[in-house]
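The next block holds one structure in the form of structure tokens; read it before the comments.
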Amino acid sequence: MDVGGNFDLIIIGGGSAAFAGAIKAAELGAKAAIVEQGVIGGTCLNRGCIPTKNLLRAGEIYYYPKRNPFDGVSVRQGALNFAKVIGQKDRLVKELRKSKYLDILKANPNIKLIKGKGEFLSDKEIKHVPAGSKRGVGNDILKADKFIIATGASPSILPVEGLDRVEYLTSTEALDLKKLPKSMIILGGRFVALEFAQMYNHFGTKVIVLQRSNRIIPEEEDEISLALQKFLEEEGIKIITGVKLLSVKETKKIKVVTCEIEDKKRDFKAESLLVATGRRPNTSGLGLEKLGVKLNDKGAVIVDDEMRTSVPNIFAAGDVTGEPMLVTAAAHQGAVAAQNAIDDCCHRKADLSIVPHAIFTHPQVAGVGLKEKEAIEKGYKVKVRTLDFHLVPKAAAIRDTRGLIKMVVEDGTDIILGVHILSPEAGDIIHEATLAVQKRMTIHEIIDTIHVYPTLSEAIKIAAQSFLKDVSKLSCCAE
């Protein structure tokens with residue numbers, strides 16, 4: 001099929017950044033094309049946010065009856081049909097792909113989906129290779145005044161001796177297993193590794209996490225990393241930090257990972273091996289080098305705050321530009337890129353200075369703004385309080401006090417610089433903190449805000465109060 005033609009904007013990629021950009025372009029009256037060689041929806045829908053959270057929740061429902069904290073309530077753990085759980089997850093992804101992506105295309109005649117691979121020939125045209133065609137066969141030329149690179153990122157694989165000779169999983173394959181493995185080694189200790197570790201542990205797999213740095217989620221506050229490790233270990237996950245990976249081999253379908261830990265060699269064995277050691281931007285095969293589109297040392301496209309690359313009419317958005325690799329950031333970047341591409345006088349800036357994030361373990365991790373060390377490095381004089389969740393009445397009421405909240409405040413002004421939470425539903429609680437950091441609110445403004453009682457989000461108010469008084473000696477809702 002000949003799809004050659006001229007467009008105002010061509011977007012290479014079909015995830016959240018691409019669709020946010022295409023929708024914005026259509027709203028501005030432009031004719032846009034999305035060129036995608038894979039499945040529409042990107043990492044978030046197909047291999048990230050949606051399927052992992054669905055499976056995490058399924059695992060929680062299956063696992064937590066064993067840990068029922070209420071006297072007088074007897075709940076039995078039911079049976080598990082893992083293949084059915086995966087099948088339901090697949091149906092959910094398919095439904096959301098239709099409602100959030102394919103139906104969007106039908107409703108926007110100014111957006112055209114072109115299936116296949118796009119490769120730059122110049123800064124004004126790309127070669128389109130239809131999906132499934134042989135190299136050099138059926139190529140069409142697509143032309144546009146402006147382009148957005150939104151090709152996302154893929155799992156990054158460590159160069160470990162023997163890994164290329166072993167059948168291993170990435171986060172993509174780990175979402176599609178039809179049979180539950182009896183045991184699993186996970187290489188990595190950040191959010192992807194930990195979400196999969198708890199997910200499979202809840203389903204009944206014996207999980208070992210091997211982390212190279214000295215603590216899991218090292219980008220989070222120390223207190224949160226250490227507390228989360230304690231909670232995960234209490235559930236039976238074996239976590240080993242400070243690991244130097246030496247080699248991997250497979251013997252009779254058992255994976256053997258050889259490591260050095262405190263100058264001693266140790267072998268770890270499991271049925272499955274999951275490599276969750278980060279993600280790399282998808283920039284190869286696009287022809288960027290011949291255009292002079294600059295990449296950083298991690299292979300990410302370098303952009304300015306208008307999402308413009310080193311080639312003026314080519315923009316980039318989303319995970320392909322590097323950290324933060326968050327769907328919310330990607331969508332924001334895509335919209336900004338499209339607006340600047342269509343309207344040369346716009347000069348809209350992408351503001352990622354205050355972006356909340358979450359890790360969907362149970363309890364969850366969430367944070368926004370500066371961590372304590374970051375604030376000090378930036379020259380702030382700070383004061384900090386860390387509140388244990390046993391002081392939050394709702395946590396006591398639901399009999400789950402696993403968690404803490406750390407608040408970083410500028411000394412002298414009492415402006416809230418950062419909030420970092422480990423608790424049930426931390427990903428929902430963090431939004432009040434996000435608004436507080438974004439609007440440079442003080443602890444006094446939070447304290448003066450009446451919160452619903454009892455709620456977990458009340459923890460933010462109690463944390464603010466802890467700068468002024470001993471909150472363990474306050475009655476409920478007292479200011």
Legend entry - helices (runs of 4 or more DSSP H) within the stretch 8-113 that include 1 or more residues surrounded by fewer than 14 Cβ atoms within 10 Å (Cβ to Cβ): 49-63, 82-97, 103-107
Legend entry - Subset of the stretch 301-314 that is closer than 19 Å to LEU121 by Cβ and more than 20 Å from the chain's Cα centre (by Cα) - its residue that is most open to solvent (accessible area, probe 1.4 Å): PRO312
Inset, instruction - Answer yes if at least one residue in the stretch 128-138 is open to solvent by 30 Å² or more (accessible area, probe 1.4 Å), at pLDDT below 95 and touching a Pro at 6+ places or on another chain (Cβ under 8 Å), and no otherwise. - result: yes
Inset, instruction - Of all residues in the stretch 86-131, count the ones that are of a type in the set (A, V, I, L, M), farther than 25 Å from ALA144 by Cβ and in contact (Cβ under 8 Å) with a residue 60 or more places away in the chain. - result: 1
Legend entry - Filter pass, LEU391 being open to solvent by 50 Å² or more (accessible area, probe 1.4 Å) and touching a residue at least 40 places away in the same chain (Cβ under 8 Å): yes
Inset, instruction - Test VAL452 against the stated conditions and say whether it is over 29 Å from the mean Cα position of the chain (by Cα) and open to solvent by 40 Å² or more (accessible area, probe 1.4 Å). - result: yes
Inset, instruction - Scan GLU119, GLU195, GLU161 and give me the residue that is over 30 Å from SER225 (Cβ atoms) and either surrounded by fewer than 22 Cβ atoms within 10 Å (Cβ to Cβ) or not hydrophobic (A, V, I, L, M, F, W, C) (or both). - result: GLU119
Legend entry - The one condition in (1) buried (at least 19 other Cβ atoms within 10 Å of the Cβ); (2) free of Cβ contacts under 8 Å to residues at least 24 places away in the same chain that VAL408 fails to fulfil: (2)
Inset, instruction - Scan the stretch 272-300 residue by residue and report those that are open to solvent by 30 Å² or more (accessible area, probe 1.4 Å) and not in a strand (DSSP E or B). - result: GLY278, ASN282, SER284, GLY285, GLU289, LYS290, LEU291, GLY292, LYS294, ASN296, ASP297, LYS298
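Does the stretch 363-377 include one or more residues that are touching a residue at least 12 places away in the same chain (Cβ under 8 Å), of a type in the set (S, T, N, Q), buried (at least 18 other Cβ atoms within 10 Å of the Cβ) and in contact with a strand residue (DSSP E or B) (Cβ under 7 Å, 6 or more places away or on another chain)?
yes
Here is a yes/no grid of residues against (1) in contact with a Lys or Arg (Cβ under 9 Å, 6 or more places away or on another chain); (2) among the charged types (D, E, K, R); (3) part of a helix (DSSP H, G or I):
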site	(1), (2), (3)
GLU223	yes, yes, yes
ALA227	yes, no, yes
GLU233	no, yes, yes
GLY236	yes, no, no
GLY242	yes, no, no
LEU245	yes, no, no
GLU250	yes, yes, no
VAL257	yes, no, no
Inset, instruction - Return the residue satisfying two criteria in turn: it lies in the stretch 315-360 and is hydroxyl-bearing (Ser, Thr, Tyr) and within 30 Å of MET199 (Cβ to Cβ), and of such residues it is least open to solvent (accessible area, probe 1.4 Å). - result: THR321
Inset, instruction - Evaluate the following for LEU391: is it among the hydrophobic types (A, V, I, L, M, F, W, C) and within 18 Å of ALA366 (Cβ to Cβ)? - result: no
Inset, instruction - Taking GLN229 as meeting all but one of (1) more than 30 Å from THR401 (Cα to Cα); (2) surrounded by 20 or more Cβ atoms within 10 Å (Cβ to Cβ), write down the number of the exception. - result: (1)
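Looking at LYS252, LYS265 in this structure, which one is at positive phi and among the charged types (D, E, K, R)?
LYS252
Would you check if ALA338 is part of a helix (DSSP H, G or I) and either modelled with pLDDT under 95 or of a type in the set (A, V, I, L, M) (or both)?
yes
To keep it simple, each residue is scored yes or no on (1) within 18 Å of the chain's Cα centre (by Cα); (2) under 30 Å from GLY78 (Cα atoms); (3) touching a residue at least 60 places away in the same chain (Cβ under 8 Å).
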| residue | (1), (2), (3) |
| --- | --- |
| LEU210 | no, no, no |
| SER213 | no, no, no |
| GLU220 | yes, no, yes |
| SER225 | yes, no, no |
| LYS238 | no, yes, no |
| LEU245 | no, no, yes |
Inset, instruction - Hey, can you tell me all the residues within the stretch 165-211 that are touching an Asp or Glu at 6+ places or on another chain (Cβ under 8 Å) and either part of a strand (DSSP E or B) or on the phi > 0 side of the Ramachandran plot (or both)? - result: SER183, MET184
Legend entry - Subset of the stretch 455-476 [in contact (Cβ under 8 Å) with a residue 24 or more places away in the chain, within 12 Å of LEU391 (Cα to Cα) and open to solvent by 50 Å² or more (accessible area, probe 1.4 Å)]: SER472, CYS476
Legend entry - Candidates ALA174, ALA153, ALA144 - the one that is more than 25 Å from the chain's Cα centre (by Cα) and open to solvent by less than 40 Å² (accessible area, probe 1.4 Å): ALA144
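The values are calculated or read from the model by the stated rules, or taken from the named source; none is laboratory data. Remember, predicted model here, so these are calculated numbers, not experimental data. Positions of Cβ are backbone-derived with ideal geometry, glycine not excepted, and every protein chain shown enters the neighbour counts. Accessible surface is based on the protein model in full, side chains and every heavy atom, while ligands, DNA and RNA are left aside. Shrake-Rupley method; radii C 1.70, N 1.55, O 1.52, S 1.80 Å.
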